[in-house]
Structures are given as C-alpha cells and as structure tokens.
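Structure, as structure tokens:
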Amino acid sequence: MNGKRIHINCDMGESFGRYKLVDDEALMSYISACNIACGFHAGDPIVIDSTIKLAIAHGVEIGAHPSYPDLQGFGRRTMDIAEDQLEKIIRYQISAMLGMVSSNKGQLRHVKPHGALYNKASAHRPTARAIVRAIKSLSSDIVLYAPYHSVMAEEAQNANLQVSFEAFIDRQYNNDLTLVSRSIDGSVITDATTAKNHVLRMHNEGHVLTLQKEDVTIQADTYCIHGDNPSAIAILQSIKNESAA
C-alpha cells in the first residue's frame with residue numbers, strides 16, 4: 001500500500017418497486033461513498049429514501065447517479081438528446097436527489113453519471129457540457145466523478161467545478177482508458193483476487209494493465225465497484241484484508 005486510503009464508491013439504490021437488485025446494506029460497511037440512482041434508469045422514491053437513510057447511518061458520502069431516461073435498458077443504451085434538453089433531464093434528477101437528501105438531514109456531496117451517459121460524456125463535449133451546467137446551476141460545491149483524461153473532467157475543470165478522477169475496480173480498460181464493452185467476455189472482473197490486484201496496481205503504481213496488455217498511466221481519487229457484480233462483497237473483503245495487512 002502507498003499509505004493513502006482507498007476511497008471506494010458504489011452504485012446503489014438500483015432496486016425498483018418489489019424487485020431487489022442487490023443488498024445495499026451489506027455493501028455499505030465496505031465503501032466510502034455511494035451513487036444513488038435517481039429513478040431514470042433504476043430506483044424509485046421509496047428506494048431512494050431508504051438508501052439515503054442507510055448511507056447516513058453508515059457515514060457514507062452520498063452522490064446522485066443520474067442517467068438517460070432509460071428504465072427498460074437500465075441506462076446502458078446511448079441516446080441522442082439535444083444538449084439543452086439533456087441538461088434539464090439531468091438537473092431534474094439531481095434536484096430530486098438534493099431534496100430527498102436534505103429532507104433526511106444529509107448532504108449531497110457528488111454527482112456521478114450512470115452507464116451510457118457516463119461513457120458518452122467522457123468523450124462527447126456537448127454531453128459533458130450538459131452535465132456540468134446542470135450541476136453548476138444547482139451548486140458549485142458538488143463534486144463531479146469523471147474519468148482521468150476525459151472530456152467530462154476537462155469541461156468540469158474549465159467551469160471551475162471540482163473533479164474527482166474515478167477508476168473501476170471491476171472493469172477492464174482499453175488502451176485509450178475507455179471501458180471495455182460489456183458485450184466482450186471478460187470486460188467485468190468477477191474474480192476477487194484479480195480485482196484486488198487490478199485496483200492495487202492503479203492505486204499504488206498509477207498504472208493499469210489494459211485488456212490489450214498495454215501498461216497505461218491512470219490517476220484516480222476514487223474507485224468504483226458495481227453493486228450488481230455477483231462478486232462485489234468478496235472483492236471488497238479482499239481489498240479490505242489487503243489494506244489491513
């Protein structure tokens with residue numbers, strides 16, 4: 001370990017109605033921050049409220065996890081939406097989360113776009129601008145989670161919005177630091193030891209070994225694990241055990 005604590009975030013509140021996606025409470029004790037679905041790809045008001053309460057009880061930082069309006073596709077389908085319309089869609093979601101968090105006497109600390117929205121904003125300037133403007137219109141104190149060397153991070157920095165660079169514990173990278181498509185076998189890391197070594201190398205050495213076996217420089221302030229990864233708890237336990245060693 002390099003002495004710096006590993007800040008881990010997790011996408012949460014993605015259950016809906018009677019359907020429970022993951023056990024958010026089981027994950028809370030392992031993470032530093034949670035990104036709560038705002039209802040456009042998953043989640044509903046009851047799930048949002050209960051997830052906020054869980055996060056506050058566990059001392060976990062709370063973030064909004066806005067998406068394209070894509071419940072059927074879980075926010076993983078890219079949509080062609082005009083920049084000004086997309087800004088309003090994102091502002092609506094963050095505003096709802098701000099209100100729900102405030103009503104629970106909590107604080108909304110960050111925003112992390114979800115799925116296809118995150119991926120597109122990483123390289124597409126109009127999408128990145130829509131996200132940044134939506135956040136800025138509500139609060140300049142909210143931090144944006146964005147990939148290192150991404151268009152989204154650049155647009156945020158140009159707008160004097162604080163950025164936390166994010167990397168992924170359980171996803172493979174391409175040479176350009178984009179995430180390997182989920183349609184490709186091995187894109188999601190499910191083996192706990194492999195995931196632990198993956199994140200420790202990024203954290204300790206500032207490099208990631210891509211799927212194409214290239215050694216690429218990367219920088220991260222926070223590391224994401226997906227709650228719907230069936231090995232999420234095992235991976236987090238492995239990282240925790242390494243940190244305690």
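The values are calculated or read from the model by the stated rules, or taken from the named source; none is laboratory data. If you're wondering where the values come from, they're calculated on a predicted model, not measured in any experiment. Here the Cβ positions follow ideal geometry from the backbone for every residue, glycine too, while neighbour counts run over all protein chains shown.
Things to note:
- Single match in 142, 225, 235, 135 (criterion: touching a His at 6+ places or on another chain (Cβ under 9 Å), of a type in the set (A, V, I, L, M) and surrounded by 19 or more Cβ atoms within 10 Å (Cβ to Cβ)): 142
- Candidate set: region 7-36, residues that are assigned to a loop (DSSP other than H, G, I, E, B) and touching a Leu at 6+ places or on another chain (Cβ under 8 Å); chosen: the one modelled with the lowest pLDDT: 15
- Among the residues of region 73-106, those that are among the charged types (D, E, K, R) and either farther than 21 Å from residue 45 by Cβ or surrounded by 19 or more Cβ atoms within 10 Å (Cβ to Cβ) (or both) comprise 76, 77, 80, 83, 84, 87, 91.
- Pairs meeting the criteria (first residue in region 64-91 and in contact (Cβ under 8 Å) with a residue 40 or more places away in the chain, second residue part of a loop (DSSP other than H, G, I, E, B) and of a type in the set (Lys, Arg), beta carbons under 8 Å, at least 6 apart or on different chains) are 64/112; 65/112; 68/77; 70/76; 70/77; 76/182.
- For region 18-56, a residue qualifies if it is in contact (Cβ under 8 Å) with a residue 60 or more places away in the chain and within 11 Å of residue 97 (Cα to Cα), and the qualifying residues are 35, 36, 37.
- Meets criteria (at negative phi, part of a helix (DSSP H, G or I) and out of contact with any Asp or Glu (no Cβ under 6 Å at 6 or more places or on another chain)) for residue 184: no
- Region 219-245, subset under 20 Å from the mean Cα position of the chain (by Cα) and free of Cβ contacts under 8 Å to residues at least 60 places away in the same chain, residue nearest to residue 147 (Cα to Cα): 229
- With respect to the conditions (1) among the hydrophobic types (A, V, I, L, M, F, W, C); (2) assigned to a strand (DSSP E or B); (3) under 23 Å from residue 24 (Cα atoms), residue 165 lacks only one, and its number is (3).
- Test result for residue 39, touching a Pro at 6+ places or on another chain (Cβ under 8 Å), outside any helix (DSSP H, G or I), surrounded by 16 or more Cβ atoms within 10 Å (Cβ to Cβ) and not charged (D, E, K, R): yes
- Residue among 144, 179 that alone is within 24 Å of residue 63 (Cα to Cα) and either at pLDDT below 95 or of a type in the set (Lys, Arg) (or both): 179
- Residue within region 42-64 that is crowded, with 24+ Cβ neighbours inside 10 Å, at pLDDT 95 or above and within 14 Å of residue 225 (Cα to Cα) present: no
- Filter result for residue 175 (assigned to a loop (DSSP other than H, G, I, E, B) and in contact with an Asp or Glu (Cβ under 6 Å, 6 or more places away or on another chain)): yes
- Entry remark, region 200-218: residues being within 19 Å of residue 150 (Cβ to Cβ) and of a type in the set (Lys, Arg) number 0 in total.
- Residue match in region 135-153 (condition: under 20 Å from residue 227 (Cα atoms) and touching a residue at least 60 places away in the same chain (Cβ under 8 Å)): yes
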